[in-house]
Amino acid sequence: MVLVTHDPIDPAMVYDLISLAFSGSVVFHYAVVKQKTGSDILTTSIEYKTKGNTTEEMEDIVRELKTRWELEDVLMIRRTGCLAVGEIISLVAASSPNSEDAFEACKFGISRLKKMVTIGKSENYLTE
């Protein structure tokens, strides 16, 4: 399942969205807005906007994950809008009969989300 939303991602609610009837492992990864992005300037928020068919791009990622690893289910959620430091940007979750596939698929899914071409971002910085 993929979801692009302006609404906050509630960690307590997402567990019920992933299938795990045949899985012994479920891996969740939440990306959050961090204040320090590598420069000396502090980030206050990041604006995320879609620029194309984000849902389709995410569905392509899910298909790739399911082809490469033995997975029962994959859940990807991506936020849009202005997100403050500490807010959840995205979620990648994978369920599998075995932990190695769940971890590897989740890790690969994270790297693919970072490279999405249908999501644009602009950072807002702390000014003195």
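Since every read-out is calculated from the coordinates, none of them should be taken as a lab result. Everything numeric in this text was worked out from a predicted model, so none of it was measured. When we count neighbours, we look across all protein chains shown, and the Cβ atoms used for this are built from the backbone with ideal geometry, even at glycine.
Side notes on the structure shown:
- Estimated [θ] at 222 nm from DSSP helical runs (n ≥ 4, -39500 (n - 2.57)) normalised by residues in the chain, nearest 500: -8500 deg cm²/dmol
- On Cα atoms only, tilt of 99-114 relative to the major axis of the chain in degrees: 30 degrees
- DSSP beta bridges in the chain [antiparallel fraction, %, rounded to 5]: 85 percent
- Model label zone, Thr5; criterion: amide N under 12 Å from point 7 Å along Cα-to-beta-carbon; scope region 59-79: 76-79
- Residue-count net charge about Ser25 - beta-carbon cut-off 9 Å; Lys, Arg +1, Asp, Glu -1: -2
- About the Cα centre, charge dipole magnitude for the chain (Lys/Arg +1, Asp/Glu -1 at Cβ), debye: 380 debye
- Considering only alpha-carbon pairs that sit under 8 angstrom and 6 or more positions apart, the relative contact order computed for region 1-91 is 49 percent.
- Residues in region 15-54 that a label on Lys107 would reach, taking backbone N under 18 Å of a point 7 Å out along Cα→Cβ: 25-31
- For the chain, the longest principal axis of the C-alpha atoms and the axis of helix 54-68 are separated by about 40°.
- Read-out semi-axes √(5λ) of the Cα gyration tensor in Å, derived from the coordinates shown; its label in [x] 28, 15, 13; [y] 24, 18, 14; [z] 30, 20, 14: [x]
- Local net charge near Cys82, Cβ-Cβ under 12 Å (Lys/Arg +1, Asp/Glu -1): 0
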